[in-house]
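Below you'll find the structure, written out as structure tokens, and then a few comments.
The values are calculated or read from the model by the stated rules, or taken from the named source; none is laboratory data. Bear in mind that the values here come from a model prediction, so they are computed numbers and not experimental data. Note that we place each Cβ from the backbone using ideal geometry, even for glycine, and neighbour counts take in every protein chain shown. To get the accessible areas, we keep the full protein, side chains included, count just its heavy atoms, and leave off ligands, DNA and RNA. Shrake-Rupley method; radii C 1.70, N 1.55, O 1.52, S 1.80 Å.
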Amino acid sequence: MSPEEMLKSFPKQLEWEKLDIDRSLYHTITFCGMGGSGIVGDIARSWLEHKGCKVITSSHRGYGLPNYISGEEHLVVCISYSGNTEETLSNFAEAQKRGASIISISSGGKLEELSEKSGVLHLKVPKGFAPRYALGYMLSKVLAVLGIEKEELEDARENIEKNYEEIKKKGEEIAEKLYGYIPIIYATPLTEVAAFRWKTQINENSKTQAYFATLPEMHHNEVVGLDNAEIRSKCAFVVMFDPKDHDRVRRRVDLTIRLLKDLGIVPIAIGGDGNSYLARLLHLIHVGDWASYYLAGKYGFEPLPVKVIDWIKSELSKG
Ligand SMILES: O=P(O)(O)OC[C@H]1O[C@H](O)[C@H](O)[C@@H](O)[C@@H]1O
């Protein structure tokens, strides 16, 4: 499947499912995964937080597990599209050792095998995608674990479907503006995960460095860097926001845009469109996915191959 076809399938990947899971059993939920699988947990956490969920959640990237996980009241959700990522397999093994509750998500691989062997609930997603292009499949599984209402997920999917051409066009326009510059994305707490996805998609699809910073923290450091005219002239700035951001954050978004304009920079200001936080977030993410795809084309890169990651993995497999 071409990267374009994979991207286009994103809304269809958002499929609601009912799972019989008693979530009241868990005191904490820890999402484990790397790269395109790791961000699934971040999106889920941001969504839960916005919903007012009181369960402690965290995203864990790397080997082992945080110290607080011990016993079945801690749920560890291991997400790896391939099912073979060594960090995520390490999380799985550690969760078993600590007697935690585990749910795993993959398209197959060792994670599926190990789950089946040890009676762990395994949720399978279709094969044939690059992990980062299977975001919708993996996210739908996690949201099913968390008990999302059917209407909410379907509304988010329809929101992308009905605005598809506009989303693609916006992505293309943004790629035009990012071309030749280092993308710097300024986000808010509600859009931080989208900024991270933009960064990582620009890294992997467009083979380009990109960075992000989040308000209000960036008003205490990052903004001072803008004093350096020589460096800032090499960057293209994106400012992301959501209508439900904290009032003072909204005020800070306006100040950031003013600051950039006073320096002669016209930032790409963008907020997702949609009825719910999830709908807006996925809309924003999908605009970035297309932007990174078009940016790859402008630089003459194929969006899919990630040679350096393959090289690192093959070196690590030597022991
Ligand atoms: O998602 P997994 O199969 O666990 O692989 C983890 C990650 O591996 C590589 O770094 C890929 O380029 C990422 O896009 C991928 O998400």
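Return the residues of segment 175-201 that are crowded, with 24+ Cβ neighbours inside 10 Å, more than 16 Å from the ligand (Cβ to nearest atom) and assigned to a helix (DSSP H, G or I); say none if nothing qualifies. Correct list: L178, A194, A195.
None of N228, N205 is touching a residue at least 12 places away in the same chain (Cβ under 8 Å) and either within 16 Å of the ligand (Cβ to nearest atom) or not β-branched (V, I, T) (or both) except N205. Please work out if V55 is more than 30 Å from T188 (Cα to Cα) and away from the ligand (no atom under 16 Å from the Cβ). No; evaluated as a whole, the condition is false for this residue.
Of the numbered criteria (1) more than 19 Å from S37 (Cβ to Cβ); (2) within 13 Å of the ligand (Cβ to nearest atom), the one A130 fails is (1).
So which residues in segment 284-309 are open to solvent by 20 Å² or more (accessible area, probe 1.4 Å) and either charged (D, E, K, R) or under 17 Å from K168 (Cβ atoms) (or both), if there are any at all? Hits for segment 284-309 are Y293, Y294, G297, K298, E302, K307.
Pick from E113, E158, E151: which is within 16 Å of the ligand (Cβ to nearest atom) and over 17 Å from the mean Cα position of the chain (by Cα)? Only one candidate qualifies: E113.
Residue-level check: of (1) within 14 Å of the ligand (Cβ to nearest atom); (2) in contact with a Phe, Trp or Tyr (Cβ under 7 Å, 6 or more places away or on another chain), Y137 misses just (2). Tell me which residues, restricted to segment 207-219, are in contact with a Ser or Thr (Cβ under 8 Å, 6 or more places away or on another chain) and open to solvent by 10 Å² or more (accessible area, probe 1.4 Å). T214, H219, listed by residue number. The numbered conditions (1) more than 24 Å from P131 (Cβ to Cβ); (2) out of contact with any strand residue (DSSP E or B) (no Cβ under 8 Å at 6 or more places or on another chain); (3) of a type in the set (G, A, S) are all true for A279 except (1).
Name the single residue that is farthest from the ligand (Cβ to nearest atom) among those in segment 86-103 being in a helix (DSSP H, G or I) and open to solvent by 20 Å² or more (accessible area, probe 1.4 Å). Top of the filtered list is K97. Taking every residue in segment 295-319 that is within 11 Å of the ligand (Cβ to nearest atom) and pairing it with any residue that is among the small types (G, A, S) and part of a loop (DSSP other than H, G, I, E, B), at least 6 positions away or on another chain, the pairs with Cβ-Cβ distances below 9 Å are L304/S2; L304/A130; V306/A130. Exactly one residue among E222, E204 is at pLDDT 95 or above and open to solvent by 60 Å² or more (accessible area, probe 1.4 Å), and that residue is E222.
Within segment 63-85, if we keep just the residues that are open to solvent by 20 Å² or more (accessible area, probe 1.4 Å) and either within 9 Å of the ligand (Cβ to nearest atom) or hydroxyl-bearing (S, T, Y) (or both), the residue that is farthest from the chain's Cα centre (by Cα) turns out to be S70. Of the residues making up segment 104-140, those that are assigned to a strand (DSSP E or B) and crowded, with 22+ Cβ neighbours inside 10 Å are S104, I105, S106.
It is to be established whether one or more residues within segment 35-47 are surrounded by 16 or more Cβ atoms within 10 Å (Cβ to Cβ) and not in a helix (DSSP H, G or I). Lay out the reasoning, then the answer.
Taking segment 35-47 as the starting set, the residues that turn out to be surrounded by 16 or more Cβ atoms within 10 Å (Cβ to Cβ) are 35-47.
From what is left, the residues that are not in a helix (DSSP H, G or I) are none.
Scanning segment 35-47 turns up no residue that is surrounded by 16 or more Cβ atoms within 10 Å (Cβ to Cβ) and not in a helix (DSSP H, G or I).
Might you check whether a residue that is open to solvent by less than 70 Å² (accessible area, probe 1.4 Å), within 16 Å of the ligand (Cβ to nearest atom) and modelled with pLDDT of 95 or more occurs anywhere in segment 269-283? No.
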